[in-house]
1. If you scan region 32-86, which residues turn out to be aliphatic (A, V, I, L, M) and in contact (Cβ under 8 Å) with a residue 60 or more places away in the chain?
2. Can you list the strands (runs of 3 or more DSSP E) lying wholly within region 1-91 that have 1 or more residues being open to solvent by less than 50 Å² (accessible area, probe 1.4 Å) and farther than 24 Å from residue 108 by Cβ?
3. Hey, can you tell me all the residues within region 118-151 that are open to solvent by less than 10 Å² (accessible area, probe 1.4 Å), of a type outside the set (A, V, I, L, M, F, W, C), touching a strand residue (DSSP E or B) at 6+ places or on another chain (Cβ under 6 Å) and farther than 14 Å from residue 90 by Cα?
4. Would you please list the contacts, defined by Cβ atoms under 8 Å and residues six or more apart or on different chains, that run from a residue in region 191-202 that is within 26 Å of residue 166 (Cα to Cα) and open to solvent by 10 Å² or more (accessible area, probe 1.4 Å) to a residue that is assigned to a strand (DSSP E or B) and not aromatic (Phe, Trp, Tyr)?
5. For region 100-115, indicate whether the set of residues that are out of contact with any helix residue (DSSP H, G or I) (no Cβ under 9 Å at 6 or more places or on another chain), of a type outside the set (Gly, Ala, Ser), assigned to a loop (DSSP other than H, G, I, E, B) and surrounded by fewer than 16 Cβ atoms within 10 Å (Cβ to Cβ) is non-empty.
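The values are calculated or read from the model by the stated rules, or taken from the named source; none is laboratory data. Keep in mind it's a predicted model, so treat the numbers as computed, not measured. All Cβ positions, even for glycine, are placed from backbone atoms using ideal geometry, and neighbour counts span all protein chains on display. Only protein heavy atoms, including side chains, enter the accessible area calculation; ligands, DNA and RNA are left aside. Shrake-Rupley method; radii C 1.70, N 1.55, O 1.52, S 1.80 Å.
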Amino acid sequence: MKAVRCEGVVKQFKEVMALKSMTMEIEEGEIYGLIGRNGAGKTTILRIIAGTAFATEGSVEIFEKPQRDVKRIGCFIDGLGLYPSLSGKKNMLLFAELMGSNAKEVHRLLELVGLGDAMNRKVSGYSLGMKQRLGLAIALLGDPSLIVLDEPFNGLDPLGVRLMSDLIVKLNKEEGKTFIISSHMLGELSKIATHYGFIDQGELKDEFPRESKQAEELEEYFLEKVGYEYA
(Lines give C-alpha, C1' and ligand atoms only; values in the text may rest on other atoms or scores of the structure.)
Protein backbone atom coordinates (compact mmCIF):
# COMPACT_ATOMS: atom_id res chain seq x y z
CA MET A 1 0.00 0.00 0.00
CA LYS A 2 1.12 3.56 -0.67
CA ALA A 3 1.56 5.41 2.60
CA VAL A 4 1.98 8.72 0.78
CA ARG A 5 1.13 9.76 -2.75
CA CYS A 6 1.71 13.36 -3.84
CA GLU A 7 0.57 14.21 -7.34
CA GLY A 8 1.50 17.50 -8.99
CA VAL A 9 1.75 19.40 -5.70
CA VAL A 10 2.38 23.11 -6.13
CA LYS A 11 2.86 25.60 -3.33
CA GLN A 12 3.15 29.29 -4.02
CA PHE A 13 3.78 32.05 -1.48
CA LYS A 14 2.94 35.30 -3.30
CA GLU A 15 5.78 35.57 -5.84
CA VAL A 16 7.75 32.58 -4.53
CA MET A 17 7.12 29.12 -5.98
CA ALA A 18 8.17 26.83 -3.11
CA LEU A 19 7.04 23.59 -4.80
CA LYS A 20 6.78 23.00 -8.54
CA SER A 21 4.53 20.09 -9.47
CA MET A 22 5.96 17.80 -6.78
CA THR A 23 5.16 14.14 -7.37
CA MET A 24 6.33 11.41 -5.00
CA GLU A 25 5.24 8.06 -3.57
CA ILE A 26 6.24 6.38 -0.31
CA GLU A 27 5.39 2.76 0.40
CA GLU A 28 3.99 1.66 3.73
CA GLY A 29 6.78 0.50 6.05
CA GLU A 30 9.53 2.67 4.56
CA ILE A 31 11.85 5.08 6.33
CA TYR A 32 12.05 7.72 3.62
CA GLY A 33 14.90 10.20 3.92
CA LEU A 34 14.26 13.54 2.23
CA ILE A 35 17.45 15.44 1.45
CA GLY A 36 18.20 18.82 -0.09
CA ARG A 37 19.81 22.14 0.65
CA ASN A 38 18.17 24.86 2.77
CA GLY A 39 15.21 26.39 0.95
CA ALA A 40 14.78 23.43 -1.40
CA GLY A 41 11.18 22.84 -0.29
CA LYS A 42 11.62 19.96 2.18
CA THR A 43 9.74 21.51 5.08
CA THR A 44 7.00 22.78 2.79
CA ILE A 45 6.19 19.35 1.37
CA LEU A 46 6.39 17.79 4.86
CA ARG A 47 3.89 20.33 6.18
CA ILE A 48 1.52 19.61 3.31
CA ILE A 49 1.80 15.85 3.85
CA ALA A 50 1.17 16.30 7.58
CA GLY A 51 -1.80 18.57 6.95
CA THR A 52 -0.43 21.67 8.64
CA ALA A 53 -0.30 23.50 5.29
CA PHE A 54 -2.29 23.26 2.08
CA ALA A 55 -1.14 22.89 -1.50
CA THR A 56 -1.90 25.61 -4.03
CA GLU A 57 -2.48 22.87 -6.61
CA GLY A 58 -2.26 19.08 -6.73
CA SER A 59 -3.39 16.29 -4.44
CA VAL A 60 -2.09 14.30 -1.46
CA GLU A 61 -3.28 10.85 -0.43
CA ILE A 62 -2.36 9.13 2.84
CA PHE A 63 -2.84 5.36 2.84
CA GLU A 64 -4.82 5.76 -0.39
CA LYS A 65 -7.33 8.20 1.10
CA PRO A 66 -7.54 11.98 0.71
CA GLN A 67 -5.19 13.61 3.18
CA ARG A 68 -7.97 15.59 4.86
CA ASP A 69 -9.87 12.39 5.71
CA VAL A 70 -7.04 10.58 7.45
CA LYS A 71 -6.09 10.83 11.13
CA ARG A 72 -3.17 8.40 11.02
CA ILE A 73 -0.41 11.02 10.88
CA GLY A 74 1.94 12.13 13.66
CA CYS A 75 4.36 14.97 13.03
CA PHE A 76 7.10 17.13 14.50
CA ILE A 77 7.73 20.03 12.12
CA ASP A 78 9.01 23.57 12.76
CA GLY A 79 8.98 22.88 16.48
CA LEU A 80 5.75 22.68 18.44
CA GLY A 81 3.66 25.11 20.43
CA LEU A 82 5.19 23.98 23.69
CA TYR A 83 4.42 25.84 26.91
CA PRO A 84 7.81 26.55 28.53
CA SER A 85 6.29 27.23 31.95
CA LEU A 86 4.72 23.76 32.06
CA SER A 87 6.43 20.44 32.58
CA GLY A 88 7.05 18.02 29.75
CA LYS A 89 4.33 15.77 31.14
CA LYS A 90 1.76 18.58 31.34
CA ASN A 91 2.58 19.63 27.79
CA MET A 92 2.04 16.04 26.68
CA LEU A 93 -1.28 15.83 28.54
CA LEU A 94 -2.57 18.88 26.67
CA PHE A 95 -1.79 17.27 23.32
CA ALA A 96 -3.09 13.90 24.56
CA GLU A 97 -6.48 15.44 25.28
CA LEU A 98 -6.68 16.59 21.65
CA MET A 99 -5.62 13.16 20.39
CA GLY A 100 -7.89 11.14 22.67
CA SER A 101 -4.95 9.58 24.52
CA ASN A 102 -4.65 9.14 28.28
CA ALA A 103 -2.15 9.72 31.06
CA LYS A 104 -0.91 6.12 30.91
CA GLU A 105 0.00 6.54 27.25
CA VAL A 106 1.72 9.85 27.99
CA HIS A 107 3.86 8.23 30.67
CA ARG A 108 4.76 5.32 28.37
CA LEU A 109 5.82 7.59 25.53
CA LEU A 110 7.90 9.86 27.77
CA GLU A 111 9.72 6.79 29.07
CA LEU A 112 10.13 5.53 25.50
CA VAL A 113 11.94 8.69 24.35
CA GLY A 114 14.12 8.84 27.45
CA LEU A 115 12.36 11.67 29.29
CA GLY A 116 10.99 9.60 32.14
CA ASP A 117 13.26 11.23 34.70
CA ALA A 118 12.61 14.74 33.34
CA MET A 119 8.86 14.58 32.72
CA ASN A 120 8.07 16.79 35.71
CA ARG A 121 10.65 19.45 34.88
CA LYS A 122 9.57 22.66 33.16
CA VAL A 123 10.19 22.69 29.43
CA SER A 124 11.99 26.04 29.86
CA GLY A 125 14.80 24.03 31.46
CA TYR A 126 14.97 21.46 28.65
CA SER A 127 17.88 21.37 26.26
CA LEU A 128 17.14 21.56 22.53
CA GLY A 129 17.72 17.83 22.30
CA MET A 130 15.21 17.15 25.08
CA LYS A 131 12.65 19.29 23.27
CA GLN A 132 13.28 17.24 20.14
CA ARG A 133 12.55 14.04 22.04
CA LEU A 134 9.45 15.59 23.58
CA GLY A 135 8.33 16.49 20.07
CA LEU A 136 8.76 12.89 18.97
CA ALA A 137 6.73 11.69 21.95
CA ILE A 138 3.94 14.08 21.00
CA ALA A 139 4.10 12.86 17.40
CA LEU A 140 3.55 9.31 18.65
CA LEU A 141 0.32 10.16 20.51
CA GLY A 142 -2.69 8.39 19.09
CA ASP A 143 -0.57 5.56 17.64
CA PRO A 144 -0.15 7.06 14.13
CA SER A 145 0.82 4.87 11.18
CA LEU A 146 2.79 7.64 9.44
CA ILE A 147 5.25 9.86 11.28
CA VAL A 148 6.64 13.01 9.66
CA LEU A 149 9.83 14.46 11.19
CA ASP A 150 11.70 17.59 10.16
CA GLU A 151 15.33 17.60 11.34
CA PRO A 152 14.76 15.22 14.29
CA PHE A 153 18.50 15.06 15.08
CA ASN A 154 18.91 18.81 15.43
CA GLY A 155 20.43 19.76 18.78
CA LEU A 156 21.15 16.20 19.87
CA ASP A 157 24.54 15.12 21.16
CA PRO A 158 26.04 11.89 19.73
CA LEU A 159 24.27 9.76 22.33
CA GLY A 160 20.98 11.51 21.69
CA VAL A 161 21.37 11.02 17.94
CA ARG A 162 21.97 7.32 18.43
CA LEU A 163 18.98 6.99 20.77
CA MET A 164 16.72 8.81 18.30
CA SER A 165 17.94 6.69 15.38
CA ASP A 166 17.51 3.45 17.31
CA LEU A 167 14.00 4.45 18.36
CA ILE A 168 12.96 5.27 14.78
CA VAL A 169 14.28 1.91 13.55
CA LYS A 170 12.61 0.08 16.45
CA LEU A 171 9.23 1.67 15.75
CA ASN A 172 9.61 0.91 12.07
CA LYS A 173 10.58 -2.73 12.47
CA GLU A 174 8.50 -3.73 15.48
CA GLU A 175 5.38 -1.63 14.96
CA GLY A 176 5.47 -1.18 11.20
CA LYS A 177 5.39 2.61 11.35
CA THR A 178 6.24 4.52 8.20
CA PHE A 179 8.57 7.50 8.53
CA ILE A 180 9.38 10.42 6.28
CA ILE A 181 12.35 12.33 7.64
CA SER A 182 14.25 15.38 6.45
CA SER A 183 17.74 15.82 7.83
CA HIS A 184 21.05 17.47 7.04
CA MET A 185 22.83 14.79 9.08
CA LEU A 186 23.41 12.61 6.04
CA GLY A 187 25.74 10.20 7.82
CA GLU A 188 23.07 9.31 10.35
CA LEU A 189 20.30 9.28 7.78
CA SER A 190 22.30 6.83 5.68
CA LYS A 191 22.23 4.36 8.60
CA ILE A 192 18.47 4.21 9.01
CA ALA A 193 16.63 5.21 5.82
CA THR A 194 15.35 2.54 3.44
CA HIS A 195 14.71 4.98 0.58
CA TYR A 196 15.77 8.52 -0.30
CA GLY A 197 14.45 11.45 -2.25
CA PHE A 198 16.52 14.44 -3.37
CA ILE A 199 14.62 17.71 -3.65
CA ASP A 200 16.00 20.87 -5.21
CA GLN A 201 14.31 24.15 -6.11
CA GLY A 202 10.90 22.75 -5.24
CA GLU A 203 11.15 19.65 -7.41
CA LEU A 204 11.90 16.00 -6.63
CA LYS A 205 14.98 15.40 -8.74
CA ASP A 206 15.92 11.83 -7.81
CA GLU A 207 14.86 8.81 -5.74
CA PHE A 208 16.87 5.72 -4.85
CA PRO A 209 16.87 2.78 -2.38
CA ARG A 210 19.31 1.99 0.43
CA GLU A 211 21.06 -0.59 -1.75
CA SER A 212 22.03 1.93 -4.44
CA LYS A 213 25.43 3.51 -5.01
CA GLN A 214 23.95 6.94 -4.27
CA ALA A 215 22.91 5.79 -0.81
CA GLU A 216 26.28 4.21 -0.09
CA GLU A 217 27.98 7.53 -0.84
CA LEU A 218 25.18 9.83 0.31
CA GLU A 219 27.24 12.86 1.29
CA GLU A 220 29.30 12.74 -1.91
CA TYR A 221 26.10 12.33 -3.93
CA PHE A 222 24.54 15.36 -2.22
CA LEU A 223 27.58 17.58 -2.72
CA GLU A 224 27.76 16.63 -6.39
CA LYS A 225 24.06 17.39 -6.88
CA VAL A 226 24.28 20.84 -5.28
CA GLY A 227 27.35 21.68 -7.31
CA TYR A 228 30.01 21.72 -4.62
CA GLU A 229 33.57 21.61 -5.96
CA TYR A 230 36.41 20.36 -3.82
CA ALA A 231 39.25 22.83 -3.39
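1. Filtering region 32-86 down to residues aliphatic (A, V, I, L, M) leaves 34-35, 40, 45-46, 48-50, 53, 55, 60, 62, 70, 73, 77, 80, 82, 86.
Within region 32-86, 34, 35, 40, 45, 46, 49, 50, 62, 73, 77 qualify.
2. Ranges flagged: 2-13, 16-27, 31-35, 57-62.
3. 144, the sole residue that qualifies.
4. So the pair list comes out as 194/31; 194/209; 195/26; 195/27; 195/31; 195/33; 195/207; 195/209.
5. Looking for residues that are out of contact with any helix residue (DSSP H, G or I) (no Cβ under 9 Å at 6 or more places or on another chain), of a type outside the set (Gly, Ala, Ser), assigned to a loop (DSSP other than H, G, I, E, B) and surrounded by fewer than 16 Cβ atoms within 10 Å (Cβ to Cβ), one finds none in region 100-115, hence no.
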